[in-house]
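Below is one structure, written out as structure tokens; comments come after it.
The values are calculated or read from the model by the stated rules, or taken from the named source; none is laboratory data. Everything numeric in this text was worked out from a predicted model, so none of it was measured. Please note: Cβ atoms are built from the backbone with ideal geometry, for glycine as well, and neighbour counts cover all protein chains shown. The protein model used for the area step is the full one, side chains on, heavy atoms only, and it has no ligands, DNA or RNA in it. Shrake-Rupley method; radii C 1.70, N 1.55, O 1.52, S 1.80 Å.
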Amino acid sequence: MKFLRCAALVLAAGCTFAAEAPKPPGKAAIASAHHLATDAGFEVLAQGGNAFDAAIAVTAALAVVESSSSGIGGGGFWLLHRAGDGKQVMIDGREVAPAAVDAKAYLDAGGKLDRDKSVNGALAGGIPGEPAALVHLAKHYGRLPLKQSLAPAIRLARDGFPLEDRLRGMLAMRQDVMLRYPASRAVFFPKGELPPLGTVIRQPDLAKTLQSIANDGFDGFYKGKLAKRLVDGVRAQGGNWTLADLASYRIVEREPLRFDYRGVRIVTAAPPSSGGVLLATILNIVEGYDYARLGRVDRIHVLTEAMRRAYRDRSFILGDPDFVQMPIRLLTSKDYAAGLRGSIRMDKATPSSSLPEGRVIDGGTDTTHFSIVDADGNMAAVTASVNLPMGSGFIVPDTGVL
């Protein structure tokens with residue numbers, strides 16, 4: 001059964017790395033958006049794990065400490081390079097729409113889009129993909145048991161972590177929505193108001209959910225008692241999940257997108273992520289200039305104009321490859337970039353009116369990215385998201401799942 005992947009919410013920032021890697025570095029590196037998640041990755045590496053085990057640890061830890069941007073109620077893309085055999089693969093673990101999704105459910109009494117229903121609360125929630133992706137990573141690419149890689153995140157959820165400025169700012173942004181739901185309120189607004197910096201945020205229900213995944217893998221989240229709690233909780237708040245939606249969720253292994261830029265082979269995310277195609281278009285346009293010799297203002301001008309053209313294509317052409325046919329070979333070709341480059345003038349910005357109108361997409365902090373390389377040269381570049389800050393704002397009771 002095919003599901004519509006929730007990449008109406010395609011990520012603008014693709015997972016990327018250079019394929020022509022040097023010899024194994026002998027040391028590991030992790031860059032993530034939160035120091036506790038980075039620490040979790042290094043903890044797992046120290047126990048003999050590889051970059052893919054560390055990716056599980058970092059992903060899960062970010063779901064606890066940076067829930068404004070990602071979480072096990074969301075999904076993402078895991079781009080992997082395995083040093084031993086050179087295998088490169090993109091794991092697509094984005095959310096999917098429940099089978100009962102109906103566009104009419106998101107309209108108001110007058111037949112117009114009710115944005116609140118589409119982005120807030122139980123009806124806005126897609127079937128999560130992140131848990132399945134973590135299980136898949138451990139089974140097919142990691143060295144350690146899933147239980148070991150998830151241990152740091154379980155500890156952080158159970159014992160808590162101090163509230164820092166960035167998460168507090170996201171909570172402030174979503175406070176009105178989250179206060180509607182008792183479980184969300186209990187975790188993040190225990191006194192009915194925004195907690196002060198340094199408040200220890202504990203998520204015992206989320207710890208139990210992560211432990212269920214650690215113990216029973218896919219079935220620990222998508223089947224059994226936890227799945228029933230998820231479905232009952234979502235439906236009680238007006239959502240339309242079913243047990244069949246959860247049990248039939250599957251991640252997809254996709255072939256990464258590859259292109260060359262000034263002699264360097266770039267390996268990046270394929271659709272339904274938009275980031276890889278955007279990156280290829282932008283760099284192919286820029287490649288036609290002696291970029292290093294341009295003055296600072298001209299470099300900014302060229303890059304901005306290249307980005308404008310790539311994002312125009314994103315608005316009109318890119319989508320989910322399971323449902324939309326896209327001319328990816330054309331969009332990432334040097335010839336196509338040359339045509340786009342020909343419309344760029346160095347003495348003035350291109351009038352927006354001369355470019356086909358596209359949908360304006362605001363940037364934000366509601367997606368996270370991290371990168372890992374281990375001592376053997378294995379690499380993981382990961383983009384995970386819950387779409388809006390704090391996802392739909394709704395925590396399913398007794399599960400900790402946002």
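Between Lys87 and Lys147, what's the calculated FRET efficiency when r is the beta-carbon distance and R0 is 25 Å? Round to 0.05.
Step by step, r from the Cβ atoms, then E = 0.50.
If one takes the longest principal axis of the Cα atoms in the chain, at what angle in degrees, from 0 to 90 and to the nearest 10, does the Cα axis of helix 130-140 lie?
Tilt of helix 130-140: around 80 degrees.
Could you order the peptides 269-278, 154-163 from most to least packed, using the average number of other C-beta atoms within 10 Å per residue?
269-278, 154-163
Okay, helix-only estimate at 222 nm for the chain: each DSSP H run of n ≥ 4 adds -39500 (n - 2.57), divide by all residues, round to 500 deg cm²/dmol; what do you get?
About -11500 deg cm²/dmol.
Once both axes come from the Cα atoms, what is the angle between helix 165-178 and the longest principal axis of the chain, in degrees from 0 to 90, rounded to 10?
Helix 165-178 sits at roughly 70 degrees to that axis.
What are the ³J(HN,Hα) couplings of region 324-339, residue after residue, when phi is run through the Karplus curve with 6.51, -1.76, 1.60 and θ = phi - 60°? Round to Hz, x for glycine and proline.
Karplus-based 3J(HN,Hα) across region 324-339 equals 10, 8, 10, x, 4, 4, 5, 4, 9, 8, 5, 5, 4, 5, 5, x Hz.
Just want to confirm a number: the relative contact order over the chain, from Cα pairs under 8 angstrom separated by 6+ residues, in percent.
After rounding, I find 32 percent.
Are there trypsin sites (Lys or Arg not before Pro) in region 163-246 that DSSP puts in a loop and that have at most 15 other Cβ atoms within 10 Å, and which ones?
When the trypsin sites (Lys or Arg not before Pro) of region 163-246 are filtered for loop state and at most 15 Cβ neighbours within 10 Å, Arg180, Lys191, Lys223 remain.
According to a simple spin-label model (label point 7 Å from Cα along Cα-to-Cβ), what is the distance in nm between Asp219 and Ala31?
4.1
For the chain, give the percent of accessible area contributed by carbon and sulfur heavy atoms, probe 1.4 Å, rounded to a whole number.
Here it works out to 55 percent.
Among Val324, Val44, Val64, whose mean-square fluctuation peaks in a Gaussian network model of the chain (Cα, cutoff 10 Å)?
Val324
Which label marks the calculated value of percent of Cα pairs over 39 Å apart, given the options (i) 23; (ii) 15; (iii) 19?
Answer label, from the structure shown: (iii).
Quick check: pseudo-label points 7 Å beyond the Cα along Cα→Cβ at Arg258 and Lys228, how many nm apart are they?
Those two pseudo-labels are separated by 4.9 nm.
For a quick size check, give me the Cα extents of region 253-351 along its three principal axes, largest first, whole Å.
Rounded to whole Å, the extents work out to 42, 31, 20 Å.
Within region 83-100, what residues put their amide N at less than 18 Å from the label point 7 Å along the Cα-to-Cβ vector of Ala244?
Only 96-100 pass the distance filter.
Could you tell me how many degrees, from 0 to 90 and to the nearest 10, lie between the Cα long axis of helix 51-65 and the main elongation axis, the longest principal axis, of the Cα atoms of the chain?
For helix 51-65, the angle is close to 60 degrees.
Could you give the accessible area per residue of the chain, probe 1.4 Å, as a whole number in Å²?
44
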